[in-house]
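Please treat every number below as a calculation from the coordinates, not as lab data. Given the structure is predicted, the values throughout are model-derived calculations rather than measurements. For neighbour counting, all protein chains shown are included, and Cβ atoms are generated from backbone atoms with ideal geometry for every residue, glycine included.
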């Protein structure tokens, strides 16, 4: 559905000289610096996938999104989405996508969302009965019926954001771009939007691309994650792989009923490659690297051989992982 | 052609929605209506008072000048109703709203107009008509049966001239990275169109006829109704100039959008 190969984007940035004399010289000859905002990225996405594009500010995320949505023309490489080349066939192409910019509104301030929807339906020429049913479904699933007739300026951010999502989907696009859709929203609204998106993806096979700084969005929605850094794609794979690759492993904290020495635990666990840390006489922590295979083993062995009063499992959060990635310098990891 | 029909359809839809919404808040609507009319009336009184003290300008009588002013208000009101994106640079370029515009399948200029439309400006048409009516009554003008039709064509021509110049200027935002617009300059120049051009010196007259042809918005077309035969050719050229200048504005705009999409922000 989306095929991106060797995509590149270069910007020419004007370098201002220092001082008044420099400003004067700038009038006549300007110096430009070429910056590679997106540097040779390739990936493919199948229909119905939900994936996240993450990266620090300035990593090239928004430039990539702008190229994918047809706003910017790439300096090199190729994009084919839904059978269109976005930047060349922009007007036809944008009929097949929906875009939500979290920080920008596409609703008319003075009109109610419902009226904005009607206008947008007119823009997309979807004025039939099927379009009407689809809109009714959007209103119901996003739970916006109670305020959809009020002027947009009277809505709260959370209410408005749900209407924005509906507005982006009015023409039933096959592909939905969400650029930081949950910035500034409270937990309940976030949850509602996520549930809606998951449902949309399941029932309509809508492909969803999400860029976000909110790691919980990714955990709730996406299996696949693309990580960008300094214009390059440094990771493309499953969220679970990302955790194993960049996470610090999983930690299990045991609270024992009797005094237990680390050596006793080590004896019970045998040769298992793990780290045992001692908090105090009654509590020990076991740190394993690969959680999927080892965690059940550790748990069953320890619970079987000792009297345990409490267990806490601390998985490396995606947030930690993202921090790890951002602070480490780009080693390219790519999975088909 | 189909595209144009689509655009007109969307605009009509928006205006319908807008006035429907306004009518729904009845008190609000009548309040605004009254305050707009009072505003225009005060303007009118002010103009008449000012013109009472103005000596005759060349061979134009006072009432003729008032008529020109009244005529000018109508294309100007139409123009400022559809083209009020005076904050284009700030809102669409710096804050990046242009990106969102480009993800919708409707011509981007039409979308920008649609989003920043100020339908209330339509009241300017009413006051223009009142002023013209007053002047026409004083001048005892007579009209042919086809004059209303000519009037509509001339008004649209005038509005298109404004629209073209305005669009071209707004499009400069695509090229320059500075925050300052040159809208204030245009704002000053547009004041000239409302007075007879032969009061100005040759240079200004030339500019107002060929470069920033605001004379075609007020003086030249109004001269037709005042039966000043020397200006008939100019009046006839109003719609032509409208189409040409709007075409130029649109071309500059499209060029700017291409550059925007190439360079990014």
Exercise for the section: Could you work out how far helix B:62-82 tilts from the main Cα principal axis of chain B, as a 0 to 90 degree angle to the nearest 10? Expected result: 10
Problem - Shielding by partners - mean other protein chain Cβ count within 10 Å, residues of A:72-80 - result: 2
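Per the helix-only calculation at 222 nm, which mean residue ellipticity applies to chain B, given -39500 (n - 2.57) for every DSSP H run of n ≥ 4 and division by its residues, nearest 500 deg cm²/dmol?
Only helices count here, giving -23000 deg cm²/dmol.
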Practice task
Before anything else, pin down the relative contact order of chain B: Cα pairs under 8 Å, at least 6 apart, normalised by residue count, whole percent.
Solution key: 24
Exercise for the section: Distance between Cα centroids, the stretch B:93-169 to the stretch A:55-70: provide it in whole Å. Expected result: 39
Completion exercise
The simple spin-label model distance between residue A:128 and residue A:80, using points 7 Å out along Cα→Cβ, in nm, is 2.8
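May I ask you to derive the FRET efficiency for residue B:152 and residue A:219 from their Cβ-Cβ distance with R0 = 45 Å, giving the value to the nearest 0.05?
Details: r = 62 Å, r/R0 = 1.37.
After rounding to 0.05, the efficiency reads 0.15.
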Completion exercise
If one compares the long axis through the Cα atoms of helix B:147-175 with the longest principal axis of the Cα atoms of chain B, the angle in degrees, nearest 10, works out at 40
Completion exercise
Note: residue A:110 to residue A:12 extended length (0.36 nm per residue) minus current alpha-carbon separation gives 31.4 nm
Completion exercise
Simple spin-label estimate for residue B:243/residue B:118, 7 Å along Cα→Cβ, in nm, reads 3.0
Practice task
Could you compute the FRET efficiency for residue A:241 and residue A:314, with r as their C-beta to C-beta distance and R0 at 22 Å, rounded to 0.05?
Solution key: 0.65
Practice task
Please identify, among B:91, B:100, B:62, the residue showing maximal mean-square fluctuation in a Gaussian network model of chain B using a 10 angstrom Cα cutoff.
Solution key: B:100
Handout entry: Enclosed volume per residue, in Å³, of the convex hull spanned by Cα atoms of the stretch A:2-244
Key = 163
Problem - Fewest-first sequence of A:243, A:312 by Cβ atoms within 10 Å of each Cβ - result: A:312, A:243
Problem - Taking chain A and dividing mean pair separation by its residue count, relative contact order in percent (alpha carbons under 8 Å, at least six apart) - result: 18
Handout entry: For residues of B:106-112, the mean tally of beta carbons on other chains within 10 Å
Key = 2
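For the stretch A:2-244, give me the percentage of DSSP beta bridges that are antiparallel, rounded to the nearest 5 percent.
DSSP beta bridges in the stretch A:2-244 are roughly 55 percent antiparallel.
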Exercise for the section: Please give the contour-minus-distance gain from residue A:261 to residue A:287: 0.36 nm per residue of separation, less the Cα-Cα distance, rounded to one decimal in nm. Expected result: 7.8 nm
Exercise for the section: Quick one: order B:255, A:109 by neighbouring beta-carbon count within 10 Å, fewest to most. Expected result: A:109, B:255
Practice task
Provide the FRET efficiency to the nearest 0.05 for the residue B:95-residue A:202 pair, computing r from the beta carbons and using R0 = 41 Å.
Solution key: 0.70
Handout entry: Estimated distance in nm for a label pair at residue B:23 and residue A:24, the labels positioned 7 Å out from Cα along Cα-to-Cβ
Key = 6.5
Problem - Cα gyration tensor shape for the protein assembly as shown, rounded if a/c is under 1.5, else prolate or oblate - result: prolate
Completion exercise
So the angle from the long Cα axis of helix B:2-24 to the longest Cα principal axis of chain B, reported in degrees to the nearest 10, equals 80
Problem - Contour excess over end-to-end distance, with Cα ends at residue B:236 and residue B:259 and 0.36 nm allotted per residue - result: 4.7 nm
Problem - Relative packing of A:51-59, A:265-273, A:150-158, which averages over residues the other C-beta atoms within 10 Å, highest first - result: A:51-59, A:150-158, A:265-273
Handout entry: Ascending count of other beta-carbon atoms within 10 Å, so fewest first, for A:200, A:277, A:178
Key = A:277, A:200, A:178
Practice task
Normalising by the residue count of the stretch B:37-168, find the relative contact order in percent from Cα pairs under 8 Å and 6+ residues apart.
Solution key: 39
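For a test of the definition: using alpha carbon positions, the gyration tensor, and the 1.5 limit on a/c, classify the stretch B:1-47 as rounded, prolate or oblate.
oblate
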